[in-house]
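J.: This is the structure, below, for whatever I ask next.
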Amino acid sequence: MRVSMAVVLRGGAIFLHVPKTGGNWVTAVLRRNDLVDGYIGHKHANVDRLLAPVATRSGRVLGRLDLGRSHRRLKPKPFIFCFVRHPLRWYESWFNYMSHPSRRWCDWGNERDLFDWHPNAVLNGCGSPDFNTFVRNVVKKRPGYVTELFNSYAQPQIDFVGKQENLRLDLITVLETLALDFDQDLLLTHEEVGVSPPPVGQPLEWDSRLREEVLGLENVAMLRHGYSPSDVP
């Protein structure tokens, strides 16, 4: 089963998977409802990289070659959607994910390599067993990183930007907008996918000054997507 490319739905709509925003769950639900018609580009392709080359186990290919049946129906401007989440929760989720023994703060590609690209490659080398140290490393290397990440997806060409916090209802809105048939009960009750628990013995607790600094650095994303500091305890 292919999971390495952005998802093309029946009818030609495209789902862009922003890392750590519930995208694996969205993809699983789309598959369960038989709504996936093809794939394009990198799994985490943003707007600018939809047609960029991607590396596969069998060699290098152009993403458009894996469009399945949808390549005949893609409009000049297909409906494109993605999801975001509260910036503070994004940092927490990436830390949990990368702290897992199967990851151990591995590198994710090269931000300047056309074939080995990953949206979070810039965070290579920022890892730490301590959550606040990790965040400080990111702030030092790429202040306002989550805003930058979200902006690379939620560009003016995007038709719908949902929230991970409202994932189920927002996906229903997308599918109803596209007039696609789906099992709403299955969608509402589908189990979570790809949720990373905190490392054992490492409860996440923000340093208060660092938290305020990050909220300031991510203020654009907060305002643009309707988040407030009070949304996170």
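The values are calculated or read from the model by the stated rules, or taken from the named source; none is laboratory data. Quick caveat, the model's predicted, so the values are computed rather than measured. Note that we place each Cβ from the backbone using ideal geometry, even for glycine, and neighbour counts take in every protein chain shown.
J.: For the condition modelled with pLDDT of 85 or more and within 19 Å of the chain's Cα centre (by Cα), what is the one hit in G63, G23, G41?
T.: Criteria check complete, one pass: G23.
J.: Pairs needed: first member in the range 106-121, in a loop (DSSP other than H, G, I, E, B); second member anywhere, of a type in the set (K, R); C-beta distance under 8 Å; at least 6 residues apart or different chains.
T.: F115/R60; W117/R49
J.: Run V195 past the list (1) within 18 Å of the chain's Cα centre (by Cα); (2) surrounded by 14 or more Cβ atoms within 10 Å (Cβ to Cβ); (3) not acidic (D, E) and report the number of the one that doesn't hold.
T.: (2)
J.: Every residue in the range 1-28 that is in a loop (DSSP other than H, G, I, E, B) and among the polar types (S, T, N, Q), please.
T.: S4, T21
Here's the yes/no breakdown for (1) in contact (Cβ under 8 Å) with a residue 60 or more places away in the chain; (2) buried (at least 16 other Cβ atoms within 10 Å of the Cβ); (3) outside any helix (DSSP H, G or I); (4) among the hydroxyl-bearing types (S, T, Y):
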site	(1), (2), (3), (4)
R168	no, yes, no, no
W206	yes, yes, yes, no
L215	yes, yes, no, no
Y227	yes, yes, yes, yes
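J.: When you go through (1) part of a loop (DSSP other than H, G, I, E, B); (2) under 25 Å from F79 (Cβ atoms); (3) of a type in the set (G, A, S) one by one for G162, which number turns out not to apply?
T.: Against the list (1) part of a loop (DSSP other than H, G, I, E, B); (2) under 25 Å from F79 (Cβ atoms); (3) of a type in the set (G, A, S), G162 comes up short only on (1).
J.: For the range 181-192, enumerate the residues that are over 27 Å from S102 (Cα atoms) and either in contact with a Gly (Cβ under 7 Å, 6 or more places away or on another chain) or surrounded by fewer than 16 Cβ atoms within 10 Å (Cβ to Cβ) (or both). Step through it out loud before you land on a result.
T.: Looking only at the range 181-192, we keep the residues that are over 27 Å from S102 (Cα atoms), and these are 181-189.
Matches in the range 181-192: D181, D183, Q184, D185, L186, L188, T189.
J.: It is to be established whether one or more residues within the range 166-174 are basic (K, R) and closer than 21 Å to R10 by Cα.
T.: The first filter runs over the range 166-174 and keeps only residues basic (K, R), leaving 168.
From the residues that got through so far, the ones that are closer than 21 Å to R10 by Cα too are 168.
Checked the range 166-174: at least one residue is basic (K, R) and closer than 21 Å to R10 by Cα.
J.: Next question, about the same structure. Quick check on Y153: is it farther than 25 Å from D37 by Cα and of a type outside the set (V, I, T)?
T.: Judged against the criteria, Y153 is not a match.
J.: Right, next: Report the residue count in the range 139-159 for those that are in a helix (DSSP H, G or I) and not hydroxyl-bearing (S, T, Y).
T.: Residues that pass the stated criteria total 8.
J.: Please indicate, with yes or no, whether at least one residue in the range 123-134 is of a type in the set (D, E) and either touching a strand residue (DSSP E or B) at 6+ places or on another chain (Cβ under 8 Å) or buried (at least 17 other Cβ atoms within 10 Å of the Cβ) (or both).
T.: No: the range 123-134 contains no residue that is of a type in the set (D, E) and either touching a strand residue (DSSP E or B) at 6+ places or on another chain (Cβ under 8 Å) or buried (at least 17 other Cβ atoms within 10 Å of the Cβ) (or both).
J.: Can you confirm whether the range 207-214 contains a residue that is under 21 Å from the mean Cα position of the chain (by Cα) and at pLDDT 95 or above? Quick ask: steps written out before the conclusion?
T.: Going through the range 207-214, the residues under 21 Å from the mean Cα position of the chain (by Cα) turn out to be 214.
After this cut, where a residue has to be at pLDDT 95 or above as well, the list is 214.
There is at least one residue in the range 207-214 that is under 21 Å from the mean Cα position of the chain (by Cα) and at pLDDT 95 or above.
J.: Moving to a separate point now. Of all residues in the range 29-41, which are under 19 Å from F160 (Cβ atoms) and assigned to a helix (DSSP H, G or I)?
T.: Listed by number, the residues that qualify are V29, L30.
J.: Could you say whether any residue in the range 76-88 is at pLDDT 95 or above, surrounded by 14 or more Cβ atoms within 10 Å (Cβ to Cβ) and in a helix (DSSP H, G or I)?
T.: Looking through the range 76-88, at least one residue is at pLDDT 95 or above, surrounded by 14 or more Cβ atoms within 10 Å (Cβ to Cβ) and in a helix (DSSP H, G or I).
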